[in-house]
Amino acid sequence: MKKLLKILSLITFMFSFELIAESNLPKVSEKPLAMMQKLSILSGKWLARTDITEDNGKSWQQGKPKLVEFSFKQRGMLLEEMPIDIDKQGFHMQTYISYDQYRDVFRKAAIDDVWGIMDLYQGKIIDNQLVLDNLDAETFFPIGPNTWRGFRLTLELKANNRWLYIDKTDDKGSSWQPAFRVYYQKIKN
């Protein structure tokens, strides 16, 4: 029965995108809306746990799980990731993803409540993963004299449990090493 309800919910969600596209949006909106539909599996409430490595992935320190919600805004053209308990102590990241049909890339803006830098990423879906980096935007972080750190994000597009892998580069993408990983577990309603 639960499986049937999930299937019906997914069909209803997909049908709602069709109604939006047909009734409210101009023709120019069809492609970005269709591309954003590919991220619909991310929608909902998730328990997210961030792990950090200081030895390039040989060992990991697990963080405390936090509740986040992915929801579509702007008539389905924008996917927002919002921490639910932003008043609690800790590091909170808010993100927005959209699709640029003229450059054929997804873009992600990520803003945290520690540094306050809007980090900008762009990329594509490759093998059922959204792969983005901040190399073109050059929104790097200084980590030492004349050393700036960039990041590549690889987000699995899976239904109930998924990983976001965050790799770092200090040489503008010539080499990458693991830095963080975020485990997302879907919250059942």
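Which chymotrypsin sites (Phe, Trp or Tyr not before Pro) from region 62-95 combine a DSSP loop assignment with at most 15 other Cβ atoms within 10 Å?
Details: sites: F70, F72, F91; in loops: F91.
Of the chymotrypsin sites (Phe, Trp or Tyr not before Pro), the ones in loops of region 62-95 whose Cβ has at most 15 other Cβ atoms within 10 Å are F91.
Loop only by DSSP, 13 or fewer other Cβ within 10 Å of the Cβ. Give me the trypsin sites (Lys or Arg not before Pro) in region 54-117 that pass, ordered by residue number. Walk me through the numbers before you get to the answer.
Numbers: sites: K58, K66, K73, R75, K88, R103, R107, K108; in loops: K58, K88, R103.
Answer by residue number: K58, K88, R103.
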Item to check | Extension reserve of the L120-N189 stretch, reckoned as 0.36 nm per residue once the Cα distance is removed | outcome: 21.6 nm
Next on the checklist: For the chain, set up a GNM with springs between Cα atoms under 10 Å and report which of L42, L67, L153 has the largest fluctuation.
Outcome noted: L67
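Pull out the extension gain between K58 and D127, defined as 0.36 nm times the separation in residues minus the alpha carbon to alpha carbon distance; nm, one decimal. Display every interim value, and only then the final one.
Details: separation 69, 0.36 × 69 = 24.84 nm, distance 2.52 nm.
My answer for the length gained is 22.3 nm.
Which value, in debye to the nearest 20, gives the size of the charge dipole of the chain about its Cα centre, when Lys and Arg are +1 and Asp and Glu are -1 at the Cβ? Before the final figure, lay out each step's value.
Working: 27 positive and 24 negative charges, 174 e Å.
Approximately 840 debye in magnitude.
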Next on the checklist: Straight-line reach only, C-alpha to C-alpha below 20 angstrom: list the aspartates and glutamates that K172 could link to, leaving out same-chain residues fewer than 8 apart.
Outcome noted: E54, D55, D119, D133, D136, E138
Checklist entry - Which aspartates and glutamates does K186 reach when only Cα atoms under 18 Å apart count, and residues fewer than 8 places away in its own chain are ignored? => result D51, E69, E80, E81, D85, E156
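Per the Cauchy relation, a quarter of the hull surface: what is the mean projected area of the convex hull of the alpha carbons in region 2-186, in nm²?
Working: hull surface 48.8 nm².
So the Cα hull casts an average projection of 12.2 nm².
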Checklist outcome for this item: Per-residue Cβ contact counts at 10 Å, fewest first, order T169, T53 as T53, T169
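Using 19 Å as the Cα-Cα cut-off, could you pick out the over-long pairs in K64/K88; K27/K158; K58/K108? Display every interim value, and only then the final one.
On the way: K64/K88 12 Å; K27/K158 29 Å; K58/K108 28 Å.
Distance filter (> 19 Å) returns K27/K158; K58/K108.
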Item to check | Longest site-free stretch - the chain; sites: GluC sites (Glu not before Pro), DSSP loop, at most 10 other Cβ within 10 Å | outcome: 55-137
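The numbers here are math on the coordinates, done by the rules we state, and not lab data. This is a predicted model, so every value here is computed, not measured. Glycine gets a Cβ as well: all are built from the backbone with ideal geometry, and neighbour counts include every protein chain shown.
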